[in-house]
Each structure stands twice: as C-alpha cells, then as structure tokens.
Amino acid sequence: MKKFRASIDIGSNTVVFLFAHNKKILKRGQFITSLGLDLDKHKKFSDTPMAETMKALKEICTLAKSYNILPEEIIATATEASRVATNGEEFYQKVVDQLGLRVEIIDSDQEAYYSARGVCFDHGRVSFICLDIGGASTEFIKKSTSPESFESISLPIGSVRLMNWKKEGVDKENIAQVLKSFDFNSFISKEIIGVAGTMTSICMMVNKINPFKDSEVNGAKITKSEIEKVYAEIKNLSQSDLLKLYPHLGKRSRVIKEGLEIVMIAMNKTQAEIIEISTRGVCFGTIDGLNY
C-alpha cells in the first residue's frame with residue numbers, strides 16, 4: 001500500500017503544510033510564525049519567531065505521525081527569508097536535531113517552479129502567468145506547456161518586508177529602487193493567477209467569505225477595482241477594527257495592507273484587470289514531484 005505524503009513550506013510569515021495521496025488532499029493548514037520579522041534590520045531570525053516556527057514544525061511532525069509519515073519522509077522547503085538570514089542554516093540544524101526534519105532552502109527559481117507546478121496540481125493548464133506574494137519576496141511566473149517554457153523573476157518585496165520598510169520610513173524609496181531593476185514586459189496579461197495566503201485572504205475579503213472554504217476560494221476571480229475598493233476601505237483602520245471587519249485574517253491582519261499594496265503594484269506592472277485565485281502553491285508543487 002502506498003504511503004501518504006507530506007510537504008511543508010516555510011516562508012517569512014507562514015508555515016504551510018499539506019498531506020496528500022494520489023492528488024487527493026487529506027489535510028492542509030498553516031501557522032503564522034512571522035519568521036522574517038525585522039529580518040532586513042537585524043539580518044537574522046529573532047528568537048521569538050524561531051521558537052514559534054519550531055513549535056509549528058513540531059505540531060506538524062506530530063500530526064504527520066498519525067498518518068504514518070515520519071519526519072524524515074516530509075518534504076520541507078524554505079524560501080526567501082531563509083535565503084538571507086545569517087543564522088538560517090544554524091536554525092535548520094536545530095530543526096534536524098530536535099525533530100528529525102530536514103529543510104531544504106530553495107532558490108528563487110525553484111520557488112517559482114514549485115509555485116507554478118502547484119497551480120497545476122489538480123487543474124490542467126496550457127499557459128498562465130502566476131503571482132506568488134510571500135512575506136519577503138514576490139514571484140512573477142510565466143509557464144507554458146505547449147510549447148514547454150518557463151520564466152520567472154523574484155522581487156525582494158513581500159508583505160512582512162514591506163511592513164518592516166514602513167517602520168524604518170524607507171518603503172517608497174526601496175519599492176522604487178526594486179521596481180526599476182526589473183523588466184515586466186514578459187508578464188503582461190489581462191488575467192493572472194494569484195497563489196498563497198495573501199491572495200486567499202484578499203479573495204475572502206472581497207467576496208465576504210468566512211470561514212475559509214476551498215470550493216469558494218480556489219478558482220474564484222476578483223477584479224483590480226474590487227481589490228482597490230477593499231484597500232481604500234481598510235487602509236486607515238487599526239488592526240483591531242480590521243479584525244472586527246474581517247475576523248478570518250487572524251495574525252495576517254498585521255500585514256494584509258502591505259499585501260494589498262503589493263497586489264496592486266503587481267497588477268499595474270502586468271496590466272492585469274482580473275486575478276484568479278489558486279489555493280495551491282509551493283507545498284502542492286513539491287509534493288506533486290513525488291511518485292505515488
């Protein structure tokens with residue numbers, strides 16, 4: 001009998017996990033641990049976010065054992081924050097020592113590839129442009145299967161990183177510097193696909209979905225004007241008032257304004273008017289690489 005499979009994606013804001021078998025989702029979830037908090041300022045992971053991340057990984061490993069999945073059998077990847085943190089390798093060695101879980105720090109090309117593969121997990125697509133907004137970076141991905149081609153760029157702007165820049169008063173300067181360093185001509189499209197937690201949360205805000213229902217979010221389409229309307233509605237709200245209006249945000253309420261700003265920047269750069277939401281992502285892409 002073939003075993004169930006598990007994958008984990010460790011980002012700068014969330015730890016996402018997936019258990020699956022033969023493209024059937026058995027269980028999925030996320031923990032918001034803010035691993036990349038103040039990373040640009042200190043150049044390393046801080047103690048509290050590391051402890052929260054370790055706690056989340058321990059819970060996932062314990063849950064995996066109930067599916068007869070051992071920690072060493074889990075595919076675990078880490079992205080932008082872990083690429084730049086000076087104590088990243090030290091932290092992940094502790095993860096191995098304490099949990100038996102090995103984490104691979106993947107580069108931006110691998111991150112983009114697995115995001116695109118995740119979008120195709122249970123949905124056949126010929127060609128598409130994908131936007132993956134993380135806590136520390138944003139990936140623009142162009143994939144085609146006929147003919148086979150793949151192109152991506154990784155912007156060092158994510159919701160947590162942008163929040164940190166705002167605290168330091170360097171957000172406008174840094175955004176302008178980043179944007180002028182990239183050519184977006186290959187990613188022009190009226191409609192794009194948005195993946196990961198930020199886009200899922202925004203879709204739920206636009207469509208007043210609470211609690212989360214995959215069938216209502218995955219495949220939903222929202223317009224640029226709808227996103228701009230939500231941003232205008234919340235940009236001056238306190239975090240507590242924001243949570244009263246959108247309780248599903250939870251800890252993501254700290255960075256959702258920044259997430260919305262990045263979506264609007266991305267849609268301007270790609271000239272997109274519509275964004276389709278995919279609740280699939282890196283976890284789906286890495287687990288899909290296994291032979292079932």
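On the principal axes of its alpha carbon atoms, the stretch 52-188 extends 46, 45, 19 Å, with the longest extent given first. Within the listed set 57, 99, 37, the residue fluctuating most in the Gaussian network model of the chain (springs between alpha-carbon atoms under 10 angstrom) is 99. Karplus-based coupling profile of the stretch 44-51, in residue order and whole Hz: 8, 5, 8, 4, 5, x, 5, 5, with θ = phi - 60° in 6.51 cos²θ - 1.76 cosθ + 1.60 and x standing for Gly or Pro.
Suppose we take every Cα in the stretch 201-253 and form the convex hull; what volume per residue is that in Å³?
Numbers: hull volume 3.7 nm³, N = 53.
Roughly 69 Å³ of hull volume per residue.
Relative to the present Cα-Cα distance, how much length would full extension add between residue 186 and residue 90 at 0.36 nm per residue of separation? The partial results should precede the final answer.
Numbers: separation 96, 0.36 × 96 = 34.56 nm, distance 3.80 nm.
That pair, residue 186 and residue 90, stretches by 30.8 nm at full extension.
Find the Cα radius of gyration of the stretch 229-276, compare it with 2.2 N^0.38 Å by division, and give the number to two decimals. Could the numbers behind the result be given before it?
On the way: Rg = 11.8 Å, N = 48, 2.2 N^0.38 = 9.6 Å.
It is 1.24.
Go through [x] 32, 21, 18; [y] 27, 23, 19; [z] 65, 39, 16 and flag the label whose value is the computed semi-axes √(5λ) of the Cα gyration tensor in Å for this structure. Answer by label: [y].
Taking every alpha-carbon pair under 8 Å whose residues sit at least 6 apart, the stretch 8-122 reaches a relative contact order of 25 percent. Take the stretch 12-132, drop everything but the C-alpha atoms, weight them equally and run the Debye formula without solvent; then report log10 I(q)/I(0) at 0.12, 0.14, 0.16, 0.23 Å⁻¹ to two decimals. Listed by q, the Debye log ratios stand at -0.48, -0.66, -0.85, -1.45. For a paramagnetic label modelled on residue 228 (point 7 Å from Cα along Cα→Cβ), amide N atoms under 17 Å away belong, within the stretch 249-273, to 260-273.
Which loop-located trypsin sites (Lys or Arg not before Pro) does the stretch 1-98 contain, where loop means any DSSP state but H, G, I, E or B and the Cβ has at most 10 other Cβ atoms within 10 Å? Sites meeting the loop and neighbour criteria: 2. Highest average first, the peptides 210-218, 223-231, 248-256 ordered by how many other beta carbon atoms sit within 10 Å of their residues are 248-256, 223-231, 210-218.
Taking R0 as 25 Å, what FRET efficiency do you get between residue 243 and residue 167 from their Cβ-Cβ distance, rounded to the nearest 0.05? Numbers along the way, then the final one.
Working: r = 20 Å, r/R0 = 0.81.
That pair, residue 243 with residue 167, gives E of 0.80.
For residue 213 and residue 150, the difference between the fully extended length at 0.36 nm per residue and the C-alpha to C-alpha distance is 19.6 nm. For the chain, modelled as a Gaussian network with Cα springs under 10 Å, which listed residue fluctuates most, 124, 88, 219? Ranking 124, 88, 219 by mean-square fluctuation puts 124 first.
Where a number appears in this text, it was derived from the coordinates with a stated rule and is not lab data. Fair warning: this is a prediction, and the values are worked out from it, not measured in the lab. Note that each Cβ is placed from the backbone with ideal geometry, even for glycine, and that neighbours are counted across all protein chains shown.
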